[in-house]
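Input: a single structure, listed below in structure tokens.
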Amino acid sequence: MSSPSPRAPLRSDPPAESSGLVVRGHWFEAPLDHADPSGPTIELFAREVRAVEAQEDQRPWLVFLQGGPGYEAPRPTDAGGWLGRALEEFHVLLPDQRGTGLSTPIQGDRLAMQGNAAEQARYLTHFRSDSIVRDCEHLRPHFTGGSPWTVLGQSYGGFCTLRYLSSAPEGLSGALFTGGIPGLRVTAHDVYTHAYPICLRKHEEWFQRYPEDEAGLAGLYAQLREEDIRLTDGDRLSPNRFSMVGLGLGMSDGFENLHYLLELAGASPAGAADRAFLRAYERTILHDHHPIFAVLHEACYTQENASNWAAQRVAAEFPGFPEGPGPLRYLNGEMIHPFMFEEISALCPLAEAAHLLAAKTDWPQLYDPTALAKNTVPAAAAVYANDMYVPRDLSMATADQIPGLKTWVTDELEHNGLRAQGRRVLDRLLGMLAT
């Protein structure tokens, strides 16, 4: 599967130096379907980052795979956090995963150019972790001359890293996971069966910290049911639509961000109709700008079966959640529901394709347990004990099946540990690789 010969970029930016970094962007052509290299192509964008003092050094490479799915790589501004720690030993590559950022991004209008809903769904099947790993192997020879590199996978980036270990271990000199070891054989239904109780526990912890927020949330839901409140793009802010802010509940700053958001509504006589509140809500929810997150979310778990809107089905067992029994009391977590493709105008053009993907039964396997059981690539993982998005039990069950994968299980950090305490996290993982 490795790419034996270097590929020249289509174009490259001149190097730019700022805040101790030398940054340069590159665009490459890649097959839409790596199994059909003579077929349609897409563009891939990757940004290299070097420390100013080491820009001419021959250093190994570390590739960062972003969480999501469907989010572009971070845009570097300084040598802080995990990036600064990485640059002490590596040159760093920040690829925008296909369909995101500057890598032929997926938006409703672009997807419509692919044809009818069935053709759109078929196009979208090429944007999972298996294709992302093939893209990395497509780029690797240009940057390393064919030598392996180290991959750091955050959240969904960890899913991609596990696929890398499973399908192209010869491309890796090391594999690092932060909050991102998926179950090997679990279904989307299994994931949400674990995730809903964790999300419920996060609500209980939130309301213990800010007792007034439980009543504030209930009052906000009541107003949204009774009034036709519109966002700046004209979409209605329904109770279900507002519940999507619960995506942040599992972050270290999640309780505070939600508290301040409800505080903003409570401080205004207009409540949810207050302009400042609406703008704050819109800055919180980015599904309309990152459609892959919604349309392929359940597909990132799915192997040889259909997801069939698993989150919606599991919600039937949990009263108080969107599309669950009884009145709405809680926020949604990282669950994707069909209502999003009905209520979010930017996602509406993807609705038919999303339903087809949810019914698709022939998704290929993403992970090879036999290959992983023979792993020889040094690997280390931060597993967050209270992770709301990637349940610890599923992560540890996978880790136990991979020789050489060292785990650091901690309850001191939440899912965004790499963002919140990046230097500490990466320093710990690199130390684990070295021992």
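By the gyration tensor of its Cα atoms, with a ≥ b ≥ c the square roots of the eigenvalues, what is the shape of region 110-159: rounded for a/c under 1.5, prolate for a/b over b/c, or oblate? Before the final figure, lay out each step's value.
On the way: a/c = 4.00, a/b = 2.07, b/c = 1.93.
Prolate, because a/c is 1.5 or more and a/b exceeds b/c.
Give the aspartates and glutamates reachable from K374 as a straight Cα distance under 14 Å; neighbours fewer than 8 places away on the same chain don't count.
Candidates past the 8-residue exclusion: E170, D400.
Can you list the GluC sites (Glu not before Pro) in region 345-435 that are in a DSSP coil and have 11 or fewer other beta carbons within 10 angstrom?
Details: sites: E352, E412, E414; in loops: E412, E414.
Answer in residue order: E412.
Arrange K202, K406, K360, K374 by Cβ neighbour counts within 10 Å, fewest through most, would you? Could the numbers behind the result be given before it?
Details: K202 23, K406 15, K360 18, K374 10.
Going from least to most buried by this count: K374, K406, K360, K202.
Return the whole-Å distance between the Cα centroid of region 1-75 and the Cα centroid of region 349-378.
Taking the Cα centre of region 349-378 as reference, the centre of region 1-75 is 24 Å away.
At a threshold of 8 angstrom on Cα-Cα distance, excluding pairs fewer than six apart, so keeping six or more, what relative contact order does the chain reach in percent? Walk me through the numbers before you get to the answer.
Details: 837 pairs, mean separation 79.4, N = 435.
That works out to 18 percent.
Please give me, ordered by residue number, the GluC sites (Glu not before Pro) of region 279-329 that lie in loop per DSSP and have at most 15 other Cβ atoms within 10 Å.
Values: sites: E282, E298, E304, E317, E323; in loops: E304, E317, E323.
For GluC sites (Glu not before Pro) across region 279-329 that sit outside H, G, I, E and B with at most 15 neighbouring Cβ atoms in 10 Å, the list reads E304, E317.
Just name one of L139, F277, S238: the one whose Cα is farthest towards the positive end of the charge dipole of the chain (beta-carbon charges, Lys/Arg +1, Asp/Glu -1).
L139
Hey, what do the phi angles of region 229-243 turn into as Karplus ³J(HN,Hα) couplings, whole Hz, using 6.51/-1.76/1.60 and θ = phi - 60°, x for Gly and Pro?
9, 10, 7, 5, 8, x, 5, 7, 8, 7, x, 4, 5, 5, 4
Okay, helix-only estimate at 222 nm for the chain: each DSSP H run of n ≥ 4 adds -39500 (n - 2.57), divide by all residues, round to 500 deg cm²/dmol; what do you get? Could the numbers behind the result be given before it?
Details: 18 runs with 165 residues, N = 435.
Mean residue ellipticity at 222 nm (helix-derived): -11000 deg cm²/dmol.
Over region 1-128, with a single point scatterer placed on each C-alpha, what log10 of the ratio I(q)/I(0) does the Debye formula yield at q = 0.09, 0.17 1/Å?
-0.31, -0.95
Rg (Å, one decimal) plus Dmax (Å, integer) for the alpha carbons of region 276-396?
Using the Cα atoms of region 276-396, the pair Rg, Dmax is 17.2, 55 Å.
So for region 188-359, what percent of the C-alpha to C-alpha distances run longer than 24 Å?
For region 188-359, the fraction of Cα-Cα distances above 24 Å is 34 percent.
For region 104-215, I need the span (max minus min coordinate) of the C-alpha atoms along each principal axis, in Å, sorted largest to smallest.
Reported extents, whole Å, longest axis first: 57, 42, 26.
Where nothing but the Cβ of Lys and Arg (+1) and of Asp and Glu (-1) is charged, how large is the charge dipole of the chain around its Cα centre, in debye to the nearest 20? Present the calculation step by step, with values, prior to reporting the outcome.
On the way: 36 positive and 55 negative charges, 137 e Å.
Its charge dipole is roughly 660 debye.
Read-outs: derived from the displayed coordinates by stated rules, not from any lab. Since the model is a prediction, treat every value here as computed from it, not as a measurement. Every residue, glycine among them, receives a Cβ derived from its backbone with ideal geometry; neighbour counts consider all protein chains shown.
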